[in-house]
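Reading through the structure tokens given below for one structure.
The values are calculated or read from the model by the stated rules, or taken from the named source; none is laboratory data. Quantities reported herein were computed from a predicted structural model and do not represent experimental measurements. A quick note on method: Cβ atoms are made from the backbone with ideal geometry, for glycine too, and the neighbour counts reach across all protein chains shown. The area values use the complete protein model at the heavy-atom level, side chains included, leaving out ligands, DNA and RNA. Shrake-Rupley method; radii C 1.70, N 1.55, O 1.52, S 1.80 Å.
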Amino acid sequence: MGAIDLGEKRLALQPTDKPVGIFSAIGIAHRTTLRSPLFYLIVVGAMQLALVLIAIPVIRLLYALVLVQTGLGSIAYDRISQVLRNPLADITLLAIAIIAVFAIMGELVTLFVLASHHQDGEATSLRLVLRQVWGTIKKLVHPQGLLMIVYLILLLPLGQLGLTSILTKKVAVPPFISEELSKNPSTSLLYSGVLLLITYLNLRLIFTMPLLGTTSAGVWEAFVTSWRLTRRRSLRILGLFVVTTFSAGLVAFVLGAAALAPTIAADLLAPASSPWLAALGLSVFQIGVFVITALLTIMIVQSLTAMMRDWLLRLHADHQHLPTVISYSEPSHVSPRRQKLLWGLATGVIVVAFGITAVLNHRTMANLVDSEQTEVLAHRGFIQGGVENTLPALQASAKAGADRVEFDVMETKDGKFVVMHDANLRRLAGRNLNVKDLTQEELTKITVRAGGMEAKIPSLEEWIQLSIQLNLPQLLEIKLHGGETPDLVPRLLAVLDRAGVTEHYTYHTLSREVVEELKRLRPQLVVGFIVPINFGGVPNVKADFIVIEQQSYSSRFVRQAWAAGYNVIVWTVDDEQQMRNYMDAAVDGIITDRPDLGIKTRTDIAEDKGLTGRLSDAISRSASF
């Protein structure tokens, strides 16, 4: 193993030589990848398998240890501080982060090392690759290595620029946060600015991993050199991701159409064969998406490696102490025997994967026909027909056909209640006033505005009366602003009792204490616990259902919740395809700003006599890069 002298190569550059651009980098990546595409597919598959069989189980085991150390069923948003106060749990969480970083580093560095070797025309052996990967990981044994935890577990996944791992695929801004920020012009602008900053940082630091893995650079030097390399070239990097991802998406679209075609024909001509044809079509698509995703990753890695190596030579002469590219002098040679071995191994893996997925998919497709209906709940009423949490929005919910309306209740200064989500009136009323500082009479005289509509803030009594007139079931959320009276729950129940609706309503809240008090005072009430952020299993709470935010949703969570006796409601679901996905999964309810679309989607699914629509939904769920 040696090093390439960048100084000599820089002197060899001609003034007419053009820096490697988007399409020239893709060209290099294409030629290099085509030399041995099966090899790359097997490498990617092996690394994914290692993560699934080794890294993820170890992380889950350590996470279970955290739950034992803290006595929790899961780490929900309201228990994070409790976990952080436990030293043993903190040490275990740090161990999880370190293992995750090492696993992600191993995955990405392996690909960059292979790309660098192949672009040099060098031979690749497992021993040489492992040696270089291990050398890269050892660079993290330094205080600067902590930067990689932030970069690999937070910044890189949030950037969504192709260099992701299955370990961090759920790292994203929760939709409920982005949706709330988007409702106010100033916070929407701030949120957009933060997203742009994250994207910009990712573009400027995109060469950190290849520099760490294929050059002599340490952690800090890799960050600094990447920043220098991408100066005035951020748009070129962005263009690379756009071109490669669009191309992969186009291929996936054609593959999806081909996978759907047999089921479309079967639904029309031979419905009895639809489950098997749909299962086979889905298996073809899933395996195809793996191949497309793997090749997309390889193309991005190869393109970035080509750009980095060329641009590194072009740094100004005044940049001293440049990292040197690690190189091997062995010539590249792939024997016919090795080619046959790769073909045989790839064919065997594909056949086994196809058989297993076909059987599992047939069971799924057969069960979809009889899936249960999902309740559609209007989020704060129907906000296209009125300002959220106002009487016009409630009326619009009834017209839209919502099964139930979710609304928010807050206590006022005089111990009464109004229907309001925000503790401060700035967003909807344009006034810097707090609900806890105003009486019910004062609040109900205030006009709130949104989307060109306006209405008065309703009292809880007004809302109840209209819901009775509309014969529309309600899900009441008890919102806390921090200034509640100690007898908040009994006061609320008294208002509902007087109206005779207490047992006709269902309830949910972010407060574990309020949930438990409701169940203690009125065990027969149906009460839910809202979980905006959840890590791991199901929260241990005395509730009847869990309201989970989309980002924390998983089929595994639903199975665990159902097994523990909880129903599951997902919020806030406004996209039609996501609605179909949750309805196909038979979750108990979805809370949506578009109850009209939710009802229509559910009706469409019920009226779909074949499996084409369900297969299309499954293909959409599988089509993620």
Worksheet entry | Residue check, PRO486 farther than 25 Å from ASP414 by Cα, in a loop (DSSP other than H, G, I, E, B) and open to solvent by 30 Å² or more (accessible area, probe 1.4 Å) | no
Fill in: The one condition in (1) among the charged types (D, E, K, R); (2) open to solvent by 50 Å² or more (accessible area, probe 1.4 Å); (3) under 28 Å from VAL531 (Cα atoms) that GLU477 fails to fulfil
(2)
Worksheet item: Can you spot a residue in region 80-91 that is open to solvent by less than 60 Å² (accessible area, probe 1.4 Å), in contact with a helix residue (DSSP H, G or I) (Cβ under 8 Å, 6 or more places away or on another chain) and touching a residue at least 24 places away in the same chain (Cβ under 8 Å)?
Response: no
Worksheet entry | Single unsatisfied condition, LEU181 versus (1) farther than 24 Å from LEU240 by Cβ; (2) touching a residue at least 40 places away in the same chain (Cβ under 8 Å) | (2)
Worksheet item: Just to be sure, is HIS118 open to solvent by less than 40 Å² (accessible area, probe 1.4 Å) and not aliphatic (A, V, I, L, M)?
Response: yes
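Residue by residue, here is whether (1) open to solvent by 10 Å² or more (accessible area, probe 1.4 Å); (2) in contact (Cβ under 8 Å) with a residue 60 or more places away in the chain; (3) among the hydroxyl-bearing types (Ser, Thr, Tyr) holds:
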{"position": "VAL448", "(1), (2), (3)": "no, yes, no"}
{"position": "GLY451", "(1), (2), (3)": "yes, yes, no"}
{"position": "GLU454", "(1), (2), (3)": "yes, yes, no"}
{"position": "ILE457", "(1), (2), (3)": "no, yes, no"}
{"position": "GLU462", "(1), (2), (3)": "yes, yes, no"}
{"position": "ILE468", "(1), (2), (3)": "yes, no, no"}
{"position": "LEU472", "(1), (2), (3)": "yes, yes, no"}
{"position": "GLY482", "(1), (2), (3)": "yes, no, no"}
{"position": "ARG491", "(1), (2), (3)": "yes, yes, no"}
Worksheet entry | Answer from ASN432, ASN389 - the residue that is assigned to a loop (DSSP other than H, G, I, E, B) and free of Cβ contacts under 8 Å to residues at least 24 places away in the same chain | ASN432
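Might you let me know whether region 195-206 holds any residue that is of a type outside the set (Asp, Glu), assigned to a loop (DSSP other than H, G, I, E, B), surrounded by 16 or more Cβ atoms within 10 Å (Cβ to Cβ) and touching a helix residue (DSSP H, G or I) at 6+ places or on another chain (Cβ under 6 Å)?
Our first condition is that a residue be of a type outside the set (Asp, Glu); within region 195-206, this holds for 195-206.
Then keep just the ones that are assigned to a loop (DSSP other than H, G, I, E, B); that gives 205-206.
Those left that are additionally surrounded by 16 or more Cβ atoms within 10 Å (Cβ to Cβ): 205-206.
Retained after the next criterion (residues that are touching a helix residue (DSSP H, G or I) at 6+ places or on another chain (Cβ under 6 Å)): 205-206.
Yes, because at least one residue in region 195-206 is of a type outside the set (Asp, Glu), assigned to a loop (DSSP other than H, G, I, E, B), surrounded by 16 or more Cβ atoms within 10 Å (Cβ to Cβ) and touching a helix residue (DSSP H, G or I) at 6+ places or on another chain (Cβ under 6 Å).
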Item to complete: Return the total of residues in region 497-510 being open to solvent by 10 Å² or more (accessible area, probe 1.4 Å) and either in contact (Cβ under 8 Å) with a residue 40 or more places away in the chain or closer than 12 Å to VAL547 by Cβ (or both).
Response: 2
Practice prompt. Would you be able to tell me the number of residues in region 559-608 that are in contact with a Leu (Cβ under 7 Å, 6 or more places away or on another chain) and surrounded by fewer than 20 Cβ atoms within 10 Å (Cβ to Cβ)?
Written response: 2
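Looking at GLY613, GLY598, which one is over 30 Å from ALA494 (Cα atoms), in contact with a Lys or Arg (Cβ under 9 Å, 6 or more places away or on another chain) and in a helix (DSSP H, G or I)? Before you say what the answer is, go through the steps one by one.
Numbers: GLY598 fails: in contact with a Lys or Arg (Cβ under 9 Å, 6 or more places away or on another chain).
The conditions single out GLY613.
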Item to complete: Name, by its number, the condition in (1) open to solvent by 30 Å² or more (accessible area, probe 1.4 Å); (2) more than 25 Å from the chain's Cα centre (by Cα); (3) of a type in the set (S, T, N, Q) that does not hold for SER226.
Response: (1)
Fill in: Index of the failed condition, VAL547 passing every other in (1) within 17 Å of ALA378 (Cα to Cα); (2) touching a Ser or Thr at 6+ places or on another chain (Cβ under 9 Å); (3) touching a residue at least 40 places away in the same chain (Cβ under 8 Å); (4) open to solvent by less than 40 Å² (accessible area, probe 1.4 Å)
(2)
Worksheet item: Is one or more of the residues making up region 137-160 in contact with a Pro (Cβ under 8 Å, 6 or more places away or on another chain), under 27 Å from LEU229 (Cβ atoms) and at pLDDT below 90?
Response: no
Worksheet entry | Lone qualifier among VAL219, VAL254, VAL289 - being closer than 30 Å to GLU607 by Cβ, at pLDDT 90 or above, among the β-branched types (Val, Ile, Thr) and surrounded by 19 or more Cβ atoms within 10 Å (Cβ to Cβ) | VAL289
Discussion item. Would you confirm, using the coordinates I've provided, whether VAL171 is without any contact (Cβ under 8 Å) to a residue 24 or more places away in the chain, β-branched (Val, Ile, Thr) and in a helix (DSSP H, G or I)?
Written reply: no
Worksheet item: So which pairs qualify, if the first residue must be in region 36-61 and hydroxyl-bearing (Ser, Thr, Tyr), the second must be open to solvent by less than 40 Å² (accessible area, probe 1.4 Å) and at pLDDT below 90, the Cβ gap must be under 7 Å, and the two must be at least 6 apart or on different chains?
Response: TYR40/THR33
Item to complete: Name the single residue, out of those in region 511-539 being open to solvent by 60 Å² or more (accessible area, probe 1.4 Å) and not in a loop (DSSP other than H, G, I, E, B), that is farthest from PRO57 (Cα to Cα).
Response: LEU521
Worksheet item: In this structure, is LEU443 hydrophobic (A, V, I, L, M, F, W, C) and surrounded by 21 or more Cβ atoms within 10 Å (Cβ to Cβ)?
Response: yes
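Out of VAL547, VAL570, VAL541, which single residue is closer than 26 Å to LEU282 by Cα and among the aliphatic types (A, V, I, L, M)? Give the derivation first.
On the way: VAL547 fails: closer than 26 Å to LEU282 by Cα; VAL541 fails: closer than 26 Å to LEU282 by Cα.
Answer to the check: VAL570.
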Practice prompt. Quickly run through region 24-43 and pick out the residues that are under 30 Å from the mean Cα position of the chain (by Cα) and modelled with pLDDT of 90 or more.
Written response: ALA25, ILE26, ALA29, HIS30
